[in-house]
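The values are calculated or read from the model by the stated rules, or taken from the named source; none is laboratory data. No experiment lies behind these values; they were computed from the predicted model shown. Here the Cβ positions follow ideal geometry from the backbone for every residue, glycine too, while neighbour counts run over all protein chains shown.
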Amino acid sequence: MELIDTHCHLGFEQLANDVEAIVERSIEAGVTGWITVGTDIQQNKKAIELADKFENMYAAVGIHPHDAKDVNSKTLTNLRELAQSRKVVAIGETGLDFHYNFSEQSVQRRVFAAQLKIATELNLPVIIHSREAFDDTIDILERHGGGVKKVVFHCFGGSASQAKLILDKGFYVSFTGVVTFKNAQTARQAAEIVPLDKLMLETDCPYMSPEPMRKQKINEPALMIHTARYLADLKKMDFAHFCRNINLTSKTFFSLPEK
Ligand code: NI
């Protein structure tokens, strides 16, 4: 099996000191590619450093809405420079989080729009974090994201009707292990309607280990195999067929080399 964990945070402190072993376990499980995602300038640098070190590992660079409050014009210039690094394949994660509101909403909107501009200029896809801000996220994408070629809603936990709206706009949807949780009926209904050419999987590790490994406190890419099996079953699809197709979707989305 060959799968790509399209959203992991291997630079976070829970994982960063053990990446070699984590990568080894991941390959053994059949998860053989990784997009490690930055959330602030320090994590973006870390993501690039890791991607440079490992084959089949790529980086996304962005400012998380939680960290939007710390952004000034220098941060954005810096982000734009980092985004031109050899193994950077996307801008993200960026977006809006009106659940925690760690940054003021107006600031989140401004910093999100600025990152859409960078993605447009550099012709990179965008990884969106959207929590309790669906309509505002769509609104900003419409007003500032017209030049962005590809967009994915990461860690999707919305409804099937929201997923449909995303698909109608030509965007992609990515699911974490949360879809395996007993109480995730809404996310499962959404996953059922997303076709394989718009569907990607991720761990978002170190958070949220999928069932039946939910008790494992620190999630890691190897565990994504459980999410893949779960969704193939949910969609009543042959596992190999499911994996082949979402692997192709991930490679297409991030313009990864064919091998
Ligand atoms: Ni994340």
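Quick notes on this one:
- Test: Glu55 is out of contact with any Cys (no Cβ under 6 Å at 6 or more places or on another chain), part of a helix (DSSP H, G or I) and either touching a residue at least 40 places away in the same chain (Cβ under 8 Å) or over 23 Å from Leu116 (Cα atoms) (or both): no
- Enumeration of residues in region 26-56 that are in contact with a strand residue (DSSP E or B) (Cβ under 8 Å, 6 or more places away or on another chain), away from the ligand (no atom under 16 Å from the Cβ) and either β-branched (Val, Ile, Thr) or within 20 Å of Val151 (Cα to Cα) (or both): Val31, Thr32, Gly33, Ile48
- The set of residues in region 230-259 being over 16 Å from Thr6 (Cα atoms) and at pLDDT 95 or above consists of Tyr230, Ala232, Asp233, Leu234, Lys235, Lys236, Met237, Asp238, Phe239, Ala240, His241.
- As for region 152-159, it holds no residue that is more than 17 Å from Arg131 (Cα to Cα) and of a type outside the set (Lys, Arg).
- Any chance Thr249 is away from the ligand (no atom under 16 Å from the Cβ) and under 14 Å from the mean Cα position of the chain (by Cα): yes
- Qualifying residue in region 117-128 (condition: surrounded by fewer than 23 Cβ atoms within 10 Å (Cβ to Cβ) and part of a loop (DSSP other than H, G, I, E, B)): yes
- Subset of region 129-150 [within 16 Å of the ligand (Cβ to nearest atom) and outside any loop (DSSP other than H, G, I, E, B)]: His129, Ser130, Arg131, Thr137
- Checked against the criterion of being among the polar types (S, T, N, Q) and closer than 19 Å to Asn247 by Cβ, the candidates Thr94, Thr32, Thr75 yield just one match: Thr32.
- For region 72-87, the criterion of being among the polar types (S, T, N, Q) and within 16 Å of the ligand (Cβ to nearest atom) is satisfied by no residue at all.
- Qualifying residue in region 178-197 (condition: closer than 24 Å to Val88 by Cβ, touching a helix residue (DSSP H, G or I) at 6+ places or on another chain (Cβ under 8 Å), in contact (Cβ under 8 Å) with a residue 40 or more places away in the chain and of a type in the set (Ser, Thr, Tyr)): no
- For region 159-186, a tally of residues being part of a helix (DSSP H, G or I) and either more than 26 Å from Thr36 (Cβ to Cβ) or more than 16 Å from the ligand (Cβ to nearest atom) (or both) returns 12.
- Considering region 183-200, the residues that are crowded, with 17+ Cβ neighbours inside 10 Å and closer than 18 Å to Ser130 by Cβ include one that is nearest to the chain's Cα centre (by Cα), namely Met200.
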